[in-house]
Amino acid sequence: MHAVIDKAQLSPNVTRLVIEAPCIAEIRKPGQFVIVHRAPGAERIPLTIADADADRGTITLVIQAVGKSTEDLVALRPGDTIADVAGPLGKATELIDHGRAVCVGGGVGTAVVHPIALGLAARGVEVISVIGGRSKEWVIFEDELRRAGEVITCTDDGSYGRHGFVTDALRDVIEAGGVDAVYAVGPVPMMRAVAEVTRPYGVPTFASLNAIMLDGTGMCGGCRVAVGGKTLYACVDGPEFDAHQVDFRELADRLGTYREFEAHATEVAHRRRAAAQEDAADAVGGTCLIPGLATTTERQEAAAAAGDRRE
Ligand code: NAD
Ligand code: FES
C-alpha cells in the first residue's frame, strides 16, 4: 500500500499527488515512469515520475483527469492509499552532458519534462524550458522549471507569457543557434510539430511517447510504436525515442483505439457518483455534505457524518 501524502490542484484538470514510495524514490531516474493500480479491479495507469524526494521516501505524480480511471485517482485525498505502484519502469532519459538543451513541455507534459530539465542542469547543461498551456490557468510547473534555467512560457490565447504555441517560441530559440538537443513532452500533435521544427536544423530531438500500456514490462505488446520503420515497445525501449524517426500518425491512431470504451466508462462513473451524492444527501436530510464525493474515504466520511447527525 502507498499512502497519499499530499495533493494539489495545478490547473483545471491537472492534479499533483505526492505518494509514499521509498524504494522508487531512491533509484528513479529522469524519464522513468510507474504503473499505478489504485485498487483491485481498477485500471493500471502509466505515469511519469515528475519528481521524487529520496529523504522523505516520496514520488510526485501529475495526473490529468481525462476519464473514469484518472478521475478516480485524482479523487484520492491525503491519507487514502493506492494498492500498487510498480516501478521505476522504462529507460532513463539520454541526457547530454554539455552545451545547451531545450525542454519543451505542452500542458500536462510540462510536469514530465521537469525531471529531465533538472537532470540536465545538474550535469552543467544550459537549459531553456519552453512551456505552454491553453491559457494562464493551464500553465504548470513554471516556478519548478526556473530552478533549471530560463523559462519561456506560452499560452494559446495570449493570456499569459508569449502568445502562441510552444513550437513558435522553440523555432526562435533554434534559429538563434547553439542548441545541442531538444526534449519534448506533451500532446502528440505538439511532439510531431516539435520534430518538424528541429528536423531541418538536424538538432537531436527526443519525444516521450504516451503509448497505451498494460503490463509495462514488454510482455503484452500494447505499447508498440513504430520508430525508424521498426516496431519497438514504449515501456521497455522507451518511453523516449528519436522524434525524427517516430511514426506519430500511428501513435495517434493507436491512442484512439479505446476512446469509445473510455467515454462509456466515464459516463457510467459519473452516473454512479451522482447517485452516491444523492444517497449521502438523503442520509443527512437533503444536504449533500461533500460535493463531488467519489472515493471510498469520502463515502465513508459522508455516511459517518450522516450517522452522527441522526444520533
Ligand atoms: P493541450 O492540448 O492543452 O496543449 C498544450 C500545449 O501544447 C499548447 O498550449 C501548445 O503550446 C502545445 N500544442 C498543442 N498542440 C500543438 C500543435 N498542434 N502544434 C504545436 N504545439 C501544440 O495539452 P494537454 O491537454 O495538457 O495535453 C493532453 C495530452 O498530452 C493528452 O493527449 C495526453 O495523453 C498527452 N500527454 C503526453 C505525455 C507524454 O509523455 N508525451 C504525458 C502526459 C500527457
Ligand atoms: Fe505491455 Fe509495453 S505495456 S509491452
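The condition of being within 25 Å of Leu120 (Cα to Cα), crowded, with 19+ Cβ neighbours inside 10 Å, of a type in the set (A, V, I, L, M) and out of contact with any Cys (no Cβ under 8 Å at 6 or more places or on another chain) does not hold for Val4. Within the range 41-71, the set of residues being buried (at least 19 other Cβ atoms within 10 Å of the Cβ) and more than 15 Å from the chain's Cα centre (by Cα) comprises Thr58, Lys68.
Filtered by the rule that a residue be assigned to a helix (DSSP H, G or I), hydrophobic (A, V, I, L, M, F, W, C) and out of contact with any Gly (no Cβ under 6 Å at 6 or more places or on another chain), the range 165-181 gives Ala169, Leu170, Val173, Ile174, Ala176.
Residues checked against (1) part of a loop (DSSP other than H, G, I, E, B); (2) touching a residue at least 60 places away in the same chain (Cβ under 8 Å); (3) not assigned by TED's automatic domain parsing to the domain that holds Val36:
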{"residue": "Asp55", "(1), (2), (3)": "yes, no, no"}
{"residue": "Thr60", "(1), (2), (3)": "no, no, no"}
{"residue": "Glu71", "(1), (2), (3)": "no, yes, no"}
{"residue": "Arg77", "(1), (2), (3)": "yes, yes, no"}
{"residue": "Ala121", "(1), (2), (3)": "no, no, yes"}
{"residue": "Ile140", "(1), (2), (3)": "yes, yes, yes"}
{"residue": "Asp143", "(1), (2), (3)": "no, no, yes"}
{"residue": "Cys154", "(1), (2), (3)": "no, no, yes"}
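Val112 falls short on exactly one of the conditions (1) farther than 20 Å from Gln32 by Cβ; (2) not assigned by TED's automatic domain parsing to the domain that holds Leu47, and that condition is (1).
In the range 194-205, the residues that are in contact (Cβ under 8 Å) with a residue 24 or more places away in the chain and within 14 Å of Phe241 (Cβ to Cβ) reach residues that are part of a strand (DSSP E or B) and among the aromatic types (Phe, Trp, Tyr) with C-beta atoms within less than 9 angstrom, at least six apart or across chains, in these pairs: Thr205/Tyr183.
The values are calculated or read from the model by the stated rules, or taken from the named source; none is laboratory data. The structure presented is a predicted model; accordingly, all values stated were derived computationally and were not measured. Here the Cβ is made from the backbone with ideal geometry for all residues, glycine too, and neighbour counts use every protein chain on show.
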